[in-house]
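Worksheet for the structure shown next.
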Amino acid sequence: GISTFRSQGRLTLQSMAQIGENRRKDLIAWLAANEPAWAHYETASRCSGYHKTYRYDRSRRILPCLMEVTTDSPMLVHLRYLSEVGIWKSRLAAEQGHLDDALDACLAIARTCAHLQTGTCLLDQLFGMAFGAMVRLEVLRIVAEHELSAAALGRVQTALAQLYGVEYPSVSFEGERLVLLDAVQHGFTEGGLGGGHMIPGQYAVILEQTAIPQGAQATRWTRAIFRVIDVGLSVTHVRRNKTVARINELHDEISRRSRLSPYQRHVSGTRELVDSVCWYRYGFAFMLLPAERRVSELAFRSRAGHEATLTILALKRYRMEKGMYPADLKSLVDSGYLDDVPMDPYSDGPLIYRCVGDEFLLYSVGPDFVDGEGTPGVDHEGQPKTWAEHGDMVFWPPGRSLAIAD
C-alpha cells in the first residue's frame, strides 16, 4: 500500500554495518512490503520512452491549469520513495555479496532518472538530477568497498554511458515557457487593442501562492493588501500581445544561457536575466521567471558527476588490465576506455586527475573557481559537503568529500 512508501530518513553514505539490529529488521520488512511496487518500477525503467499524464483537479480553482499540475505532482513523491527502496536494496545486496544485484538496483534508478531528465517539466528534471547524483554515489560506494571484476566495471560503465544517447541533456525550460503562456491565456482578455488587458485578480492568486508559507492561511488583512497590489499592477501591465512577445524573448535567451557553463558565465560577467525585466510592466514574466542560472548550474554539476563516474570506472578497469593507472585522462580516451575527457564546469579545462600513491584524485575546482589541490569543501559547520561554496568537489576517493549528499 501507499503507506509503505515512507522515507527511511535522509540518505547519506551510511553503511549497513552502522545500522542497529532493530533498524535493520524494520528496513528489511519495509523492503519486502515494497517489493511488488519495486518490480513495477524496475520494469518501467527499461521502457524506451517516458510518458507522464498531468491531471488537473478543476474543483480547485486556484492557479491556471498547467501551473498547478506541473508544481504539484504526487507521482514524484512515490518515485522518490521507490528510488530510496532501490538504494537500500542495493546496500543490502552488496552487504550480502550479491554485487550484480546491487548494481542492477542502482542502474534501475539511473534509468528512471534519465527518463525524468528528458521530460518537459522542470520539476521532473530536477528530481532526475538529484536522484541521479545519489545513485552515482551508491555505485562509487560499491566500487570503493568491494572487489569488482573488469567485466563488471565495464558493464556498469557501458550502461551508464548509454543512458542519455549521444550527449548528456542540458536542462530544458520549455515546460516553464508553456506554463507562463498558459497563465497569460487564463489571465488576459481576448479582445481589444494590443490583444487584451490583464484581468484583475491574477496577481492576488500568485501572491497568495508564493508569499504565504506552505500550510498557512492568508489573513483578511493580507488578502486586502494583495488586492490593492493586484489592482495597481494589473492597470500598469502591458497588453497581452506584448506580454507574450516578451515571454518568448526571455525564454529564447534562457535557452541560450542554459548552454553556458558556470565558468563561461563567470568570465563573461553575465548578469541575472531578471534584472532586465521591468517588474511593473511585465509583472507576469517577472514573478514567474524560473531561476535559470541556479537550475542550469545544477545541470552542469549533474553532468560533471555523470562524466566523473564514467571516468572512475574507466580508471579502475585500466588499472586492473594494465597494472597501473594512466598518466593522464587523455590516455583513457586513446586506449578506448573512455569516449571523451570529462570537462570541469568551473574551469576552462577538464576535471583534475592526479595519481596519489596507489590511488588517484579526481576533482573539480568547485564554485569558487580556485584549484585547492583536491581539498574538499565543507558546510558552515565544517562538515564535508558536495559542491560547497569554497573548496574542491572531490569525486574520488568517494569518502573524502561526499559524506553529505545534496
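The values are calculated or read from the model by the stated rules, or taken from the named source; none is laboratory data. Please read all numbers here as calculations on a predicted model, not as lab measurements. Note: ideal-geometry Cβ built from the backbone for every residue, glycine included; neighbour counts use all protein chains shown. For the accessible areas, the whole protein counts, side chains as well, though only heavy atoms, and no ligand, DNA or RNA atoms are used. Shrake-Rupley method; radii C 1.70, N 1.55, O 1.52, S 1.80 Å.
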Please find, in a Gaussian network model of the chain (springs between Cα atoms separated by less than 10 Å), the residue of Met75, Met198, Met393 whose mean-square fluctuation is greatest. Met75
Using only protein heavy atoms and a 1.4 Å probe, report how much of Ser172 is accessible, in Å² to the nearest 10. 40
Report the extension gain between Ile229 and Glu249 in nm, rounded to one decimal, defined as 0.36 nm multiplied by the number of residues separating them, less their alpha carbon distance. 4.6 nm
The range 243-332: GluC sites (Glu not before Pro) in DSSP coil with no more than 16 other Cβ atoms inside 10 Å: Glu272
Per the charge dipole of the chain (beta-carbon charges, Lys/Arg positive, Asp/Glu negative, Cα centre), the residue among Gly215, Thr53, Val231 reaching farthest to the positive end is Val231
Round to the nearest 0.05 the FRET efficiency obtained for Arg257 and Gln214 when R0 = 25 Å and r is the Cβ-Cβ distance. 0.25
Out of all DSSP beta bridges with both ends in the chain, state the antiparallel percent to the nearest 5. 90
On full extension of the chain, what length is gained from Phe286 through Ala151, given 0.36 nm per residue of separation minus the C-alpha to C-alpha distance? 43.4 nm
Per residue convex hull volume, Cα atoms of the range 303-369, in Å³: 78
Formal net charge of residues neighbouring Trp38 (Cβ-Cβ distance under 11 Å; K, R +1; D, E -1): -2
Report Rg(Cα)/(2.2 N^0.38 Å) for the range 231-307, keeping two decimals. 1.31
Can you give the extra length, in nm with one decimal, that the chain gains between Asp379 and Val267 once fully stretched, where that is 0.36 nm per residue apart less the Cα-Cα distance? 37.8 nm
Accessible-area composition of the chain, carbon plus sulfur, in percent [1.4 Å probe]: 54
By the C-alpha gyration tensor axes a ≥ b ≥ c (rounded if a/c is under 1.5, else prolate when a/b exceeds b/c, else oblate), the shape of the range 202-243 is oblate
Percent RCO, i.e. relative contact order, over the range 252-361, from Cα pairs under 8 Å lying at least 6 residues apart: 24
Residues with amide H under 5 Å of Ser347's amide H, sequence separation 5 or more or different chain, H placed in the peptide plane at 1.01 Å from N; which? Tyr263
Tell me whether the range 269-388 comes out rounded, prolate or oblate; compute the Cα gyration tensor, take square roots of the eigenvalues as a ≥ b ≥ c, and use a/c under 1.5 as the rounded threshold. prolate
Per residue, in Å², the accessible surface of the chain once ligands and nucleic acids are set aside, probe 1.4 Å: 50
At R0 = 41 Å the Cβ-Cβ FRET efficiency linking Thr118 and Asp358, nearest 0.05, sits at 0.55
Which value at 222 nm does the chain reach when only helices count, each DSSP H run of 4 or more adding -39,500 (n - 2.57), with the total divided by all residues and rounded to the nearest 500 deg cm²/dmol? -17500 deg cm²/dmol
Checking Val228, Val77, Val394 against a Gaussian network model of the chain (alpha-carbon springs below 10 Å), the top fluctuating residue turns out to be Val228
Given the options Arg294, Arg257, Arg80, which has the most mean-square fluctuation in a GNM of the chain, springs set between C-alpha atoms less than 10 angstrom apart? Arg294
What is the range 137-194 by shape, rounded, prolate or oblate, if you read a ≥ b ≥ c off the alpha carbon gyration tensor as root eigenvalues and call it rounded for a/c under 1.5, prolate for a/b larger than b/c, and oblate otherwise? prolate
The chain: equivalent-ellipsoid semi-axes (sqrt of 5 x gyration tensor eigenvalues, Cα, Å): 43, 26, 19
With the calculation restricted to Cα positions, what are the radius of gyration and Dmax of the range 324-405 in angstrom? 13.2, 43
Considering only Ile352, Trp396, Gly201, whose Cα is most displaced toward the positive end of the charge dipole of the chain, charges sitting on Cβ of Lys, Arg (+1) and Asp, Glu (-1)? Gly201
